[in-house]
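Everything below concerns the one structure shown next.
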Amino acid sequence: MKQVTPPEHTLSIVVLTVEATPVPWILDMTKRCRYLRPCEFIVVLDRHRKTVIAQAKEAGCTIHAVDQAVSIDDRRVMGAKAAKGTTVLFLEQDCRLEPEQLLSFLQPVLYGTAHAVTPHRKPLLEDICLPQTEEVWAACFNKLMNREDLLACSMNDTPYALTQHALSVLGTAALINPIAAYAALMKSGLKIARYSYSAPVTKPRYTNLQEHCAVQYELSPYERKTIDRYLQAFASYIAKPRGGFPDGNRRRDLIEKLRNGITSFKVIRSNSHMSTDTASPNERALSVIVPARNEEATIAPLLEQLHRLEPAELIVVVNGSQDRTCELALAHGATVVLSSEALGTDTGRALGAYHATGRILLFVDGDMVLSAHDLYPFVLAIRQGYDVALNDQNYHLEREFPLRSILPSVYALNLALDQKPLGTSSMVMVPFGLSRKALNAIGWESLLCPPRALAACVRHALRIVLPHRVNVEKANRLRPEKHMTGTAMNQIVGDHIEALHSMLDYRNH
């Protein structure tokens, strides 16, 4: 057999096992990977499995016997410490790569173009399924670390390979949390390669059912453990408050002044009569909040649809406009909160919520015309006793999951909040509704950062529902300066960093 690794390099393969790893799998793995010409197979096995140890030794493995209580994380560290090769390859029982693929996988570390390599599985067209928690959090975390190029790569799952230099920089003890170790690699400046391959989803040859399975929309013990690992790494490696991501043009300073009773906004009330629901005005009165900047093309038809909801008040926050938005809003019966400066959409929502008096608050944007038919379910949900009504965006989960988008951040936050049913739904997307109870609990100023506001809603145990799906992507007006430069996406990613830090601060105190 020809030499498959450079002569100056040696390869150690660390085989990670758990108590019930089948004997045939260990033997099959060593047999299949002989093609790689490793200098050693290192297997950490429970010492009471004497027959397995004997068979593994006969197959040429170096055995490290441990007590049954030693976790797979500790076994990973032990295997890394024992490895003598210039490159160390870590494998588990569900490795999806064949030996020839593993050889291709190892090329960057064997030939010195990278210090680490991790895999990224590309789904086949017939293989598109709901994204896994590991994939979602990996894509989110890599984006938060400014390494979007790594897509959903991670060291939380095998295979992955490290050079001895990378291990010396990390310290083998760092592998106790492979996600934190991966973050340390990113921060170190060492070269990390991504190996992309297409393969169908296959069932692992070994699975701990109690660990990996859960009732639909609940998190399994393994998912909870994975999320906790990511949150530990997040707390250690992503700085407060926004990890270097922009805050857009939000005027937090003006909101802070308003909290202290200092206002620079002009409130203009329309002379037009507003229809109100007189059946039970205290409980059913509706306030609609519309941030708007240079929206003369859409504001009138939007307000016409909103009047069909019979609101007690329409509040249009006109900010930085240089067109007829203010005049048109007043002509259509709205109360205008006027600012000569551009505030940002989220600042506009917070400002509108501050001035709102209704028991139900509905938030829409001034740049899209949504029908009353699409908006009423959000009002109805609050009237039926829910506190938060979000736009159902889970159709994103029913197609190929776009890793280069805000969706991994949205879904990752919902998973961390133990709100798996929310999927990719968020307060980032309008329309959404809030009860007065919800607004009082989270504070109107929290709407400056929608993901942080949603985290506060969960913290206060408010009732959240997805009453309806509105395709805002189709309705939203394209703004090249915002949507085609990555500015909006980076701001939203920063919002999710802010939300995650707020969540962790609350847990820690």
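Per-structure values
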{"read-out": "Region 379-396, residues that are open to solvent by 20 Å² or more (accessible area, probe 1.4 Å) and assigned to a helix (DSSP H, G or I)", "value": "L380, R383, N394, Y395"}
{"read-out": "Residues being in a loop (DSSP other than H, G, I, E, B) and under 18 Å from T298 (Cα atoms) - total across region 313-341", "value": "8"}
{"read-out": "Candidates P200, P159, filtered to the one that is closer than 17 Å to H120 by Cα, at pLDDT below 95 and open to solvent by less than 10 Å² (accessible area, probe 1.4 Å)", "value": "P159"}
{"read-out": "Subset of region 210-241 [open to solvent by less than 20 Å² (accessible area, probe 1.4 Å) and either assigned to a helix (DSSP H, G or I) or touching a residue at least 40 places away in the same chain (Cβ under 8 Å) (or both)]", "value": "L219, T226, I227, Y230, L231, A233, F234, I238"}
{"read-out": "Subset tally (residues that are closer than 24 Å to R284 by Cβ and open to solvent by less than 30 Å² (accessible area, probe 1.4 Å)) for region 309-328", "value": "7"}
{"read-out": "Boolean, S425 is in contact with a strand residue (DSSP E or B) (Cβ under 6 Å, 6 or more places away or on another chain), under 24 Å from A138 (Cα atoms) and buried (at least 23 other Cβ atoms within 10 Å of the Cβ)", "value": "yes"}
{"read-out": "Search result, residues across region 54-70 that are in contact (Cβ under 8 Å) with a residue 40 or more places away in the chain and buried (at least 18 other Cβ atoms within 10 Å of the Cβ)", "value": "C61"}
{"read-out": "Residue within region 16-32 that is surrounded by 14 or more Cβ atoms within 10 Å (Cβ to Cβ) and modelled with pLDDT of 85 or more present", "value": "no"}
{"read-out": "Test for S168: is it modelled with pLDDT under 95, open to solvent by 20 Å² or more (accessible area, probe 1.4 Å) and either in contact with a Phe, Trp or Tyr (Cβ under 6 Å, 6 or more places away or on another chain) or not in a loop (DSSP other than H, G, I, E, B) (or both)", "value": "no"}
{"read-out": "Answer residue from region 108-153, given it is part of a helix (DSSP H, G or I) and open to solvent by 60 Å² or more (accessible area, probe 1.4 Å) and is modelled with the highest pLDDT among those", "value": "D149"}
{"read-out": "Hits in region 394-410 (condition: modelled with pLDDT under 95 and under 22 Å from L375 (Cβ atoms))", "value": "N394, Y395, H396"}
{"read-out": "Residues of region 71-93 satisfying the condition of being in a loop (DSSP other than H, G, I, E, B) and either surrounded by 15 or more Cβ atoms within 10 Å (Cβ to Cβ) or touching a Phe, Trp or Tyr at 6+ places or on another chain (Cβ under 6 Å) (or both)", "value": "A83, G85, T86, E92, Q93"}
{"read-out": "Members of region 397-422 that are surrounded by fewer than 19 Cβ atoms within 10 Å (Cβ to Cβ) and under 11 Å from the mean Cα position of the chain (by Cα)", "value": "S405"}
{"read-out": "Residue match in region 298-306 (condition: assigned to a loop (DSSP other than H, G, I, E, B), at pLDDT 95 or above, open to solvent by less than 50 Å² (accessible area, probe 1.4 Å) and not charged (D, E, K, R))", "value": "yes"}
{"read-out": "Neighbours by Cβ (under 6 Å, 6+ apart or cross-chain): first from region 141-163, farther than 16 Å from A80 by Cβ; second open to solvent by 10 Å² or more (accessible area, probe 1.4 Å) and in a strand (DSSP E or B)", "value": "L150/R194; L151/H120; A152/H120; C153/H120; C153/R194"}
{"read-out": "Given (1) assigned to a helix (DSSP H, G or I); (2) modelled with pLDDT of 95 or more; (3) not aliphatic (A, V, I, L, M), number of the condition D365 does not satisfy", "value": "(1)"}
{"read-out": "Residue in region 443-465 that is closer than 17 Å to D374 by Cβ and surrounded by 20 or more Cβ atoms within 10 Å (Cβ to Cβ) present", "value": "yes"}
{"read-out": "Meets criteria (touching a residue at least 24 places away in the same chain (Cβ under 8 Å), outside any strand (DSSP E or B) and not charged (D, E, K, R)) for S287", "value": "no"}
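The values are calculated or read from the model by the stated rules, or taken from the named source; none is laboratory data. What you see is a predicted model; the values in this text were computed from it and never measured. Cβ atoms come from the backbone with ideal geometry, glycine included; neighbour counts cover every protein chain shown. The area values use the complete protein model at the heavy-atom level, side chains included, leaving out ligands, DNA and RNA. Shrake-Rupley method; radii C 1.70, N 1.55, O 1.52, S 1.80 Å.
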